[in-house]
Amino acid sequence: MNILGIDIGGTGIKGAIVNTTTGELVTERYRLLTPQPATPEAVAETVGQISRFFNWQGPIGIGFPAIVRSGITLSAANVDLAWIGTDAATLFEQATSCPVRVVNDADAAGMAEMRFGAGADREGVVLIVTIGTGLGTALFVNGHLVPNTEFGHIEIGGKDAELKASEAARIREELSWKKWAKRFNRYLQTLENLLSPDVIILGGGASKESEKFVQRLNVKAELMIAAMLNEAGIVGAALAAESQ
Ligand code: BGC
C-alpha cells in the first residue's frame, strides 16, 4: 500500500510516499524547514504544503517529536509549548483533508527499523535511540512497541540527558566527537543498567556519521547502526498509518 509518510523534526519537516510492503520510498523526499516558532498552526500549514506537493489523497502517517496518545500531543521538548494538549491528528486532517495518524517520531523510526532495518525479526528487548535535535527512544519487546518511552529525558548527573548528549548538544557546545561520545556512552550505559536490552540500535541524523564515535561506545548489548538511517522516520510514520 502507498502511504504518505511525514517526519516532523525540530529543524526540518520531510515527506515521501512510501510503499509499506517493501519499506521503500516511491518518490523523492520533499523537505521544508520547520517554521519558527513551531506553533501548531504553522506546522500544520507546512504539513499541508507537503501533502499538496505530492497531490496526495489518501492516508498520511506523521511522526512528531513528542508524547502522542490517541492523536493528542502531550509534551513539547523542541517545539512550541502550545502543542501540549493539541489534537494534532485532527489539526493535520484539517490541513490536508486526508485521514492522519500521528505517532511519536522515535517510535515511528523504531517501527521501520524493526520491520525493514537493523531490528528485522529480532526478538527480546530492542532499544532504538535516535540522535538528533533531541534524543528519541523506542522500546520493543519481542517485536511489540512500548510507545512513548521518552528515555531521552532521563536525568544523568541531575540534568536532562538530551540537553547534554544529543546531536544538538554536540553542535551547540562545539564538542569534539571524543568528548560527545563520552557523554553519549554514559547515557547508553545508564539506559543499559535500567533496561538490559539485548540489542541497541542507533539512528537519527548522527547515525550517518557513526564511524566518528561508535568505536568509543562500550555497552554489553549488541550495538547496531540503523540500516534506514534518516529515512526510518518517514517509513515508520507510513507504517503507523497503515495499521490504523
Ligand atoms: C522528545 C521526544 C522525541 C525526541 C526525538 C525529544 O525531545 O521529547 O518525544 O522522540 O526528542 O525527536
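The values are calculated or read from the model by the stated rules, or taken from the named source; none is laboratory data. Small disclaimer: the values here were computed from a predicted structure and weren't measured. Glycine also receives a Cβ, built like all others from the backbone with ideal geometry; neighbour counts cover every protein chain displayed.
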Seminar exercise, completed: From the option list PHE140, PHE151, single residue qualifying as assigned by TED's automatic domain parsing to the domain that holds ARG186, more than 13 Å from the ligand (Cβ to nearest atom) and under 25 Å from MET228 (Cα atoms) is PHE140
Exercise. Quick one: would you say ARG172 is within 16 Å of the ligand (Cβ to nearest atom), more than 17 Å from GLY136 (Cβ to Cβ) and outside the structural domain of VAL68 (by TED's automatic domain parsing)?
Worked result: yes
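A quick yes/no check of all residues on (1) surrounded by fewer than 20 Cβ atoms within 10 Å (Cβ to Cβ); (2) more than 30 Å from MET224 (Cβ to Cβ):
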position	(1), (2)
SER51	no, yes
PRO65	no, no
VAL68	no, no
THR73	no, no
ASP80	yes, yes
TRP83	no, yes
THR86	no, yes
LEU91	no, yes
VAL102	no, no
Exercise. Across segment 200-229, what is the total count of residues that are buried (at least 19 other Cβ atoms within 10 Å of the Cβ) and in contact (Cβ under 8 Å) with a residue 40 or more places away in the chain?
Worked result: 11
Exercise. So which residues in segment 29-57 are touching a strand residue (DSSP E or B) at 6+ places or on another chain (Cβ under 7 Å) and not β-branched (Val, Ile, Thr), if there are any at all?
Worked result: ARG29, TYR30, ARG31, LEU32, LEU33, PRO40, GLN49, SER51, PHE53, PHE54, TRP56
For this session: Collect the residues in segment 138-153 that are outside any strand (DSSP E or B), within 22 Å of SER166 (Cβ to Cβ) and of a type outside the set (Gly, Ala, Ser), keeping them in residue-number order.
Result: PRO147, ASN148, THR149, GLU150, PHE151, HIS153
Exercise. Can you name the condition, by its number, that LEU81 falls short on among (1) modelled with pLDDT of 95 or more; (2) more than 14 Å from the ligand (Cβ to nearest atom)?
Worked result: (2)
For this session: Scan segment 3-45 residue by residue and report those that are away from the ligand (no atom under 16 Å from the Cβ), part of a strand (DSSP E or B) and touching a helix residue (DSSP H, G or I) at 6+ places or on another chain (Cβ under 6 Å).
Result: ILE3, GLY15, ALA16, VAL18, TYR30, LEU32
Exercise. What residue, among those in segment 104-137 that are assigned to a loop (DSSP other than H, G, I, E, B) and away from the ligand (no atom under 16 Å from the Cβ), is surrounded by the fewest Cβ atoms within 10 Å (Cβ to Cβ)?
Worked result: ASP121
Seminar exercise, completed: In segment 35-53, anything farther than 17 Å from ALA76 by Cβ and of a type in the set (A, V, I, L, M) is listed as ILE50
For this session: Scan segment 46-75 for residues that are among the small types (Gly, Ala, Ser) and in a loop (DSSP other than H, G, I, E, B) and report the count.
Result: 5
For this session: Count, please, the residues in segment 11-29 that happen to be modelled with pLDDT of 95 or more, surrounded by fewer than 17 Cβ atoms within 10 Å (Cβ to Cβ) and among the hydroxyl-bearing types (Ser, Thr, Tyr).
Result: 3
